[in-house]
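J.: Attaching a single structure in structure tokens format; questions to follow.
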Amino acid sequence: MERDRLQISVVVPCFNEAGSIEELHRRVSRVCEDCASGHEIVIVDDGSTDESWSVLRRIAGTDPRVVLVRLSRNHGHQLALSAGLDICRGERVLILDADLQDPPELLPDMMRLMDAGAQVVYGRRRSRSSESGFKRVTASAFYRLLNRLVEIEIPADAGDFRLMSRKALNMLRHMPERHRFVRGMVTWIGLTQVPLDYDRDPRFAGETKYPVTKMVRLAFDAITGFSTQPLRIASHLGIMFSLLAFAGILYALYSWYETNTVSGWTSLMVVVLLLGAIQLFVLGILGAYLGRVVAESKRRPLYFIDEIVSGDVTDTNGYAGPVAPEDVRSAGSQT
Ligand code: UDP
Ligand code: MG
């Protein structure tokens with residue numbers, strides 16, 4: 001039996017967000033009821049270790065429009081998001097963080113821009129005053145670097161908060177890579193993408209789930225995913241240092257001829273250390289790409305789903321993603 005078409009799916013990756021979930025559900029439900037003719041809220045529990053899952057179960061028990069997906073462990077924000085995007089069925093998809101830093105109340109404005117022809121409406125942060133100075137400085141430096149390296153223009157002050165059409169989502173779902181930088185992948189698609197400026201709120205509850213290590217990992221995935229420019233740094237450095245070495249040899253021969261001396265420990269150390277450092281740096285770049293080639297060649301599933309809850313149906317068969325909505329939700333849609 002075909003269900004009514006859903007106009008909106010709200011996809012929310014969630015990792016240890018027990019404190020925000022109820023408020024999230026309240027605010028998202030209210031805005032969706034106001035501006036959409038049918039909605040679902042797909043919440044992906046990315047292996048939370050707090051009470052998130054029991055809070056989610058309680059909410060799903062009272063609201064059949066909530067669909068829960070529980071991953072088998074913490075797969076990371078970008079994969080949790082990808083799982084939600086695979087499973088949702090709406091004509092339009094709103095990507096939202098669980099911590100309510102991005103106000104769901106912007107949905108009507110985003111819908112209007114999409115009615116006017118946009119395929120993607122992405123939130124652009126007017127101010128980041130709610131975030132730490134460290135995060136702001138590193139993020140701005142990172143996007144400047146990224147946009148020098150990649151040939152597409154990845155919007156600087158944007159996160160994953162955005163409204164996408166089914167068309168754009170279908171295209172995104174054809175990108176199979178494992179190291180995912182979803183906002184860059186969406187930009188890479190093309191189509192009409194328009195920004196919507198907004199002010200980012202502070203977190204509703206809890207701490208950031210993006211420590212520096214995860215931020216660095218995301219940055220590496222972004223750069224290696226969208227540019228092979230760093231590989232070329234190796235050859236540029238090679239040429240530069242060959243020229244320097246040539247000059248150095250001439251100088252060494254000259255001073256040997258002129259002064260007949262063997263002193264020069266300092267210059268020797270400088271050269272050795274410098275060359276060593278450069279070589280390690282270049283090897284590191286090669287390693288970063290090689291590691292990703294290895295990961296891709298294994299062709300493992302992007303994520304595993306432990307459990308799906310939709311209405312009063314709980315499916316614990318276990319799935320490996322990417323999954324098609326009909327694979328995993330047929331049980332739910334028969335109710
Ligand atoms: N998140 C996730 N898995 C993770 C880390 C984060 O699903 O391993 C979720 C988190 O619950 C939140 C969103 O990703 O809904 C963004 O994380 P956070 O708000 O901590 O990042 P920040 O806004 O500080 O950059
Ligand atoms: Mg946040």
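Rule-based calculations on the coordinates, nothing more; no lab input. Remember, it's a predicted structure, so these values are computed and weren't measured experimentally. With ideal geometry, Cβ positions are generated from the backbone for all residues, glycine too; neighbour counts draw on all protein chains shown.
J.: Quick one: go through the range 1-44 and flag any residue whose amide nitrogen is under 15 Å from the point 7 Å out along the Cα-to-Cβ line of residue 306.
T.: 14-18, 44
J.: Extending each Cα 7 Å along its Cβ direction at residue 167 and residue 194, get the distance between those two points in nm, one decimal.
T.: If labels sit at residue 167 and residue 194, their model points lie 1.4 nm apart.
J.: OK, next. Where nothing but the Cβ of Lys and Arg (+1) and of Asp and Glu (-1) is charged, how large is the charge dipole of the chain around its Cα centre, in debye to the nearest 20? Let's see the in-between values first.
T.: On the way: 39 positive and 40 negative charges, 173 e Å.
That gives the chain a dipole magnitude of about 820 debye.
J.: Output the relative contact order of the chain, whole-number percent, from Cα pairs under 8 angstrom with separation of 6+ residues.
T.: It rounds to 23 percent for the chain.
J.: Antiparallel versus total DSSP beta bridges in the chain: what percent is that, nearest 5?
T.: Taking every DSSP beta bridge within the chain, about 45 percent pair in antiparallel fashion.
J.: Next up: Mind checking the full-extension length gain between residue 153 and residue 112? Use 0.36 nm per residue of separation minus the Cα-Cα distance, one decimal, nm.
T.: 12.3 nm
J.: Provide the convex hull volume over Cα atoms per residue for the range 32-92, in Å³.
T.: Hull volume normalised by residue count: 95 Å³.
J.: Additional query: At residue 286 and residue 207, where each label point lies 7 Å from the Cα along Cα→Cβ, what is the point-to-point distance in nanometres?
T.: If labels sit at residue 286 and residue 207, their model points lie 3.9 nm apart.
J.: Given the Cα-Cα distance of residue 215 and residue 128 and 0.36 nm per residue of separation, how much length would full extension add, in nm? Intermediate results must be reported in sequence, preceding the final value.
T.: Numbers: separation 87, 0.36 × 87 = 31.32 nm, distance 1.67 nm.
The span from residue 215 to residue 128 would gain 29.7 nm if fully extended.
J.: Ok, one more. What are the ³J(HN,Hα) couplings of the range 93-107, residue after residue, when phi is run through the Karplus curve with 6.51, -1.76, 1.60 and θ = phi - 60°? Round to Hz, x for glycine and proline.
T.: Each residue of the range 93-107 in turn: 10, 9, 9, 9, 7, 6, 8, 6, 5, 10, x, x, 5, 7, 3 Hz.
J.: Using only the alpha-carbon atoms, how far is helix 133-149 inclined from the longest principal axis of the chain? Give it as 0 to 90 degrees, nearest 10.
T.: The angle comes out at about 70 degrees.
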